[in-house]
Amino acid sequence: MEEHYDTMQILCYSLLPCLLFLLSTKFLLYKRKKRNHPPSPFALPIIGHLHLLKLPIHRTLDSLSKKYGPIFSLELGSYLAVVVSSPSLVEECFTKNDIVLANRPDFHWWPAHIKLQQDHHGLSRVR
């Protein structure tokens, strides 16, 4: 009986990591296929591309634009950022497509934003 218990325990401990690996692989592949974003480097699951941003940031973004093109996307934690590095494309974004690209993320979780909403004084009050 004890041998049977040991065999079952070994089987459970070996199947659990395999199951977790298969589920995480399926989740990552499903997530990757579904989105229609500009090209981007490989992102880590929770922090996204934050591990790639090194000082000076403008040189890091320049090297990424040379590798991925003038428009690429970065996941900064749970937020998606689209980086446009070509002057002609930036002009097009701010003149022809300014209404389409005018949405901004809501930072209601940011304490300084909450303070600004409460006292309506502006950014000079944020420390």
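Coordinate-derived values only; no laboratory data. Not measured: the values here are computed from a predicted model. Cβ: placed from backbone, ideal geometry, glycine included. Neighbour counts: every protein chain shown.
See the values below:
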read-out: Where labels lie 7 Å past Cα in the beta-carbon direction, separation of S63 and M8 in nm; value: 5.5
read-out: Under-5 Å amide H pairs with L80, H placed in peptide plane, nonlocal only; value: none
read-out: Under 5 Å, built H, 5+ apart or other chain: amide partners of A43; value: none
